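The values are calculated or read from the model by the stated rules, or taken from the named source; none is laboratory data. The structure displayed is predicted, hence computed values, not measured ones. Neighbour counts run over all protein chains shown; Cβ positions are idealised from the backbone, glycine included.
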Amino acid sequence: MTTLKFVDTNNMVAFLAKPTESEGFEQIVYFLNAHTIKYALRINPTIYTSCIEQFWVIVNAKSVDGEVQFQALMDRKKIIITESIVRRDLQLEDVEGVDCLPNATIFKQLTLMGYEKISQKLTFYKAFFSPQWKFLIHTILQCLSSKTTAWNEFSSTIASTIICLATNQKFNFSKYIFESMVKNLDNVGKFLMYPRFVQVFVNQQLDGLQSHKRIYVTPSHTKKIFGNMKRVGKGIFW
């Protein structure tokens, strides 16, 4: 079996401070700091490399009473992860949230957000938004999505995420995260997905991790992200 690897651009830690470099982005930073997804964006547990490796090598998905579960025997204890556990441990509060908006709604809302390249395709491009929207989209992509590459592109699901945030609707992040983990099991490019989140789930169910020593340092966004997102474009109001 191919050795599974961490991907530094997956599950990064968000930068939600407001230094001088954040001028023009303050409203979105303030909004994210007040939103329930802040915990999932910022939580940064000590990640034990062997713990994450062990989880992704031995975990299986099983259906129990009609509910899909992740099950893994770690340090002689069964670890169980479900969508509801994802919701509880990441404090997402998104029961009955939106899975994906209708296409017509996505096109309409993106137009209202100033998207500059509306077509009938369901692949969207961060570059055609104002810097503020680019910051929000990039934060969601690298901190919460299952993506590992192609940071300019995003899907209708991520578009639904951004629209729900902008219009104060609930998006079901818990379902998205859990289903992404399930898909990773059979992915030909399987990798050590969501190390921050997996460590949180394991920590909640194991009393200690004395046998695990090696530490993986999760990459974090820095204030440079604001400079990287800036370009000439339209303003934004929340």
_Cβ-Cβ under 9 Å, sequence separation 6+ or interchain: first residue in the stretch 101-123 and more than 11 Å from residue 163 (Cα to Cα), partner among the β-branched types (Val, Ile, Thr) and at pLDDT 90 or above. Which pairs?_
118/111; 122/106
*asked:* Would you confirm, using the coordinates I've provided, whether residue 76 is out of contact with any Cys (no Cβ under 6 Å at 6 or more places or on another chain), at positive phi and not acidic (Asp, Glu)?
replied: yes
*Residue count for the stretch 83-98, restricted to those that are out of contact with any Cys (no Cβ under 9 Å at 6 or more places or on another chain), under 28 Å from residue 26 (Cβ atoms) and surrounded by 17 or more Cβ atoms within 10 Å (Cβ to Cβ)*: 3
*If you check 101, 112, 73, 122, which single one turns out to be surrounded by 20 or more Cβ atoms within 10 Å (Cβ to Cβ) and among the aliphatic types (A, V, I, L, M)?*
101
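Listed here are the residues, each with its yes/no results for (1) modelled with pLDDT under 90; (2) more than 22 Å from residue 33 (Cα to Cα); (3) charged (D, E, K, R).
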| site | (1), (2), (3) |
| --- | --- |
| 110 | no, yes, no |
| 119 | yes, yes, no |
| 123 | no, yes, no |
| 137 | no, no, no |
| 143 | no, no, no |
| 154 | no, yes, no |
| 158 | no, no, no |
| 164 | no, no, no |
| 167 | no, no, no |
*Applying the selection to the stretch 7-46, what residues are of a type in the set (Gly, Ala, Ser) and either under 24 Å from residue 149 (Cα atoms) or not in a loop (DSSP other than H, G, I, E, B) (or both)?*
14, 22, 34, 40
*Return the residue satisfying two criteria in turn: it lies in the stretch 28-79 and is of a type in the set (Asp, Glu) and out of contact with any helix residue (DSSP H, G or I) (no Cβ under 9 Å at 6 or more places or on another chain), and of such residues it is farthest from residue 141 (Cα to Cα).*
65
*Of all residues making up the stretch 22-68, the number that are among the hydrophobic types (A, V, I, L, M, F, W, C) and loosely packed, with under 14 Cβ neighbours inside 10 Å*: 4
